[in-house]
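Chemist: Here you go, one structure.
The values are calculated or read from the model by the stated rules, or taken from the named source; none is laboratory data. These figures come from a predicted structure and were not determined experimentally. Ideal geometry is used to build each Cβ from the backbone, glycine not excepted, and the neighbour counts take in all protein chains shown. Protein only, heavy atoms only, side chains kept; ligands, DNA and RNA dropped before computing areas. Shrake-Rupley method; radii C 1.70, N 1.55, O 1.52, S 1.80 Å.
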Amino acid sequence: MGHWFSRNILEPGKLPLLLALTSFVVTFLVTRTITRLIRAGKGPFGNVSSGGLHIHHVVPGVVLSVIGGFGAVGSGRHGLGAAVFAVVFGIGAGLVLDEFALILHLDDVYWSEDGRKSVEVVVLTAALVMLALSGFSPLGVNDVSEDERQDRAAFIATIVLNFLFILVSLVKGKFRMAVMGVFVPFVAIVGAVRLARPGSWWSRRFYRRRHRARARSRLRTYRHDRRWTRVRRRFQDLIGGFQERVSGPGSTPP
């Protein structure tokens, strides 16, 4: 185990990334636990206010992210400084993305239906960082052989082709598939060849007069959402605490 850790984490300089991911996940879980206790009126915790102004935890999160980001850029991938700044950045990112929905909507939607976007973004971010930590690289650069590296035309064509699949997936409303396609080459082709989701740019542009395609798109989306939305919501409820319907004092996150 020690040899594997040294060969795959320490030597490539991935220790800061591992520390950032660990602190990111731990910070999110701790923050969610504290906010759920505050919402339920339990424990010694409470909202943070200054002069009647409620201070959300995204505020210190932004400060820590800036400090950790600039510090990590200046310290490189090795040494104590890189490790410390990676932890600082991970904590800041965890605090910020826990209130991603608040930033997106510019409203306190932490416990509302829109607040589920924060959980989705945190899970997606953690999954992508774990892919990078495991050896994946955007656009599959790590999978290119020496001969392919020398063949610039083939390499650039591969990048462009994968980018086109990612772009088509995005305009078809397949956001998760497009993001995964950035890290895992050609995964986005699945989203690119399937029917677009209703309401997406592709659907509005190309299905306007294709009534059969529009009907099939709606039916397929309905079946997909009916199958997976309940599973996704249960997972979000488990880690996000949305199933707790507690009102009254302490319902706003710190």
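Chemist: Has region 43-60 got any residue that is assigned to a loop (DSSP other than H, G, I, E, B), at positive phi, at pLDDT 80 or above and of a type outside the set (S, T, N, Q)?
Modeler: No, there is no match, as no residue in region 43-60 is assigned to a loop (DSSP other than H, G, I, E, B), at positive phi, at pLDDT 80 or above and of a type outside the set (S, T, N, Q).
Chemist: Tell me which of these residue 69 doesn't satisfy, since it passes every other one: (1) surrounded by fewer than 14 Cβ atoms within 10 Å (Cβ to Cβ); (2) over 17 Å from residue 241 (Cβ atoms).
Modeler: Going through (1) surrounded by fewer than 14 Cβ atoms within 10 Å (Cβ to Cβ); (2) over 17 Å from residue 241 (Cβ atoms) one by one, residue 69 breaks only (1).
Chemist: Counting only residues that are farther than 19 Å from residue 239 by Cβ and either charged (D, E, K, R) or touching a residue at least 60 places away in the same chain (Cβ under 8 Å) (or both), how many does region 35-50 have?
Modeler: Residues flagged as farther than 19 Å from residue 239 by Cβ and either charged (D, E, K, R) or touching a residue at least 60 places away in the same chain (Cβ under 8 Å) (or both) within region 35-50 amount to 4.
Chemist: Going through region 25-41 one residue at a time, which ones are modelled with pLDDT of 90 or more, in contact with a Phe, Trp or Tyr (Cβ under 8 Å, 6 or more places away or on another chain) and of a type in the set (A, V, I, L, M, F, W, C)?
Modeler: Within region 25-41, 34 is the sole residue that qualifies.
Per-residue answers, yes or no, for (1) under 27 Å from residue 238 (Cα atoms); (2) out of contact with any Leu (no Cβ under 6 Å at 6 or more places or on another chain); (3) hydroxyl-bearing (Ser, Thr, Tyr):
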| site | (1), (2), (3) |
| --- | --- |
| 3 | no, yes, no |
| 33 | yes, yes, yes |
| 62 | yes, yes, no |
| 70 | no, yes, no |
| 91 | yes, no, no |
| 112 | yes, yes, yes |
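Chemist: Something else about it: Looking only at region 100-130, count how many residues are part of a helix (DSSP H, G or I) and either in contact with a Pro (Cβ under 7 Å, 6 or more places away or on another chain) or not charged (D, E, K, R) (or both).
Modeler: Number satisfying all stated conditions: 19.
Chemist: So how many residues does region 161-181 have that are open to solvent by 40 Å² or more (accessible area, probe 1.4 Å) and more than 24 Å from residue 229 (Cα to Cα)?
Modeler: So the count comes out to 5.
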